[in-house]
Amino acid sequence: MIPWLYPSTPFPPLEQALTEPNGLLAAGDDLSLPRLLEAYRHGIFPWFNEGEPVLWWSPDPRMVLFPDEFKISRSLKKRLARADYEVRVDTAFTRVMRACAEPRDEHGGTWISEPMIAAYDALHEAGYAHSFETWMDGEDGEELVGGLYGVAVGRAFFGESMFTRKTDASKIALAHLVATLKQHDFGVIDCQMKTAHLASLGARAIPRGEFSRLLQQLTPQSQFFGPWTGA
């Protein structure tokens with residue numbers, strides 16, 4: 001049985017997470033700023049469908065991208081060099097979240113619900129959540145064509161979601177995120193779940209215990225904090 005979390009209830013030990021489904025740890029409806037920050041510091045994140053309680057996860061193994069291991073393909077390198085785009089940071093956070101929430105297949109639906117958008121907007125206003133946005137000229141002026149968002153705690157960045165409306169637009173945003181994190185000595189990007197796409201960019205799976213020890217080192221460190229506009 002999955003423990004139910006109340007606002008004052010601590011998270012159970014990660015070892016109690018289920019193996020099927022992988023990493024399901026607890027349920028509860030508290031998406032407050034303190035709860036979210038506590039979760040990220042311990043390698044736990046919320047992921048649930050609309051109409052469900054908030055489900056908290058910590059999968060094993062954990063997919064991560066170390067900034068120095070980011071792979072820029074030859075085609076992406078050429079695309080970056082064209083510079084027919086502008087990458088902005090933290091200028092359209094909610095728009096990026098809503099773009100990530102748009103259905104991507106015939107089944108529709110999204111886990112980025114209105115309560116999630118409100119919770120991460122609060123994280124953004126508090127200086128923890130950030131968006132990297134790719135803008136290009138369009139018929140009606142500059143258009144938001146791709147981007148990503150995530151949460152920074154200490155020297156760890158927790159990637160949440162990305163979207164693209166033009167080829168390579170999300171990869172352009174990711175390349176600039178990695179460059180910014182390297183500049184400010186971040187140690188890891190959490191990618192949560194293993195996918196072939198992430199692996200092609202240099203991400204790899206590590207044991208949950210190793211990931212937890214890494215967070216113990218990185219999350220208490222002084223942070224590149226507040227709005228990252230201009231980064």
query: Which residue out of Lys78, Lys171, Lys166 is assigned by TED's automatic domain parsing to the domain that holds Asp185 and loosely packed, with under 14 Cβ neighbours inside 10 Å?
result: Lys78
field: Answer residue from the range 92-140, given it is out of contact with any strand residue (DSSP E or B) (no Cβ under 9 Å at 6 or more places or on another chain), part of a loop (DSSP other than H, G, I, E, B) and more than 14 Å from Phe163 (Cβ to Cβ) and is modelled with the lowest pLDDT among those
entry: His107
field: All positions within the range 190-222 that are assigned to a loop (DSSP other than H, G, I, E, B) and touching a helix residue (DSSP H, G or I) at 6+ places or on another chain (Cβ under 9 Å)
entry: Leu201, Gly202, Ala203, Thr219, Pro220
query: When you look at Asp68, is it acidic (Asp, Glu), assigned to a loop (DSSP other than H, G, I, E, B) and farther than 19 Å from Gln216 by Cβ, yes or no?
result: no
query: Restricting attention to the range 213-224, which residues are surrounded by fewer than 17 Cβ atoms within 10 Å (Cβ to Cβ) and touching a residue at least 24 places away in the same chain (Cβ under 8 Å)?
result: Gln217, Pro220, Gln221, Ser222
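Just to check your reading of the model, which residue among Leu33, Leu65, Leu37, Leu25 is over 17 Å from the mean Cα position of the chain (by Cα) and either surrounded by 17 or more Cβ atoms within 10 Å (Cβ to Cβ) or outside the structural domain of Val145 (by TED's automatic domain parsing) (or both)?
On the way: Leu33 fails: over 17 Å from the mean Cα position of the chain (by Cα); Leu65 fails: over 17 Å from the mean Cα position of the chain (by Cα); Leu37 fails: over 17 Å from the mean Cα position of the chain (by Cα).
Residue meeting the stated conditions: Leu25.
In this structure, is Ala156 in contact with a Ser or Thr (Cβ under 9 Å, 6 or more places away or on another chain) and surrounded by fewer than 22 Cβ atoms within 10 Å (Cβ to Cβ)?
Working: in contact with a Ser or Thr (Cβ under 9 Å, 6 or more places away or on another chain): yes; surrounded by fewer than 22 Cβ atoms within 10 Å (Cβ to Cβ): no.
Answer is no for this residue.
The values are calculated or read from the model by the stated rules, or taken from the named source; none is laboratory data. All values reported here derive from a predicted model rather than from experimental measurement. Neighbour counts are summed over all protein chains in view; Cβ atoms, including those assigned to glycine, are modelled from backbone coordinates with ideal geometry.
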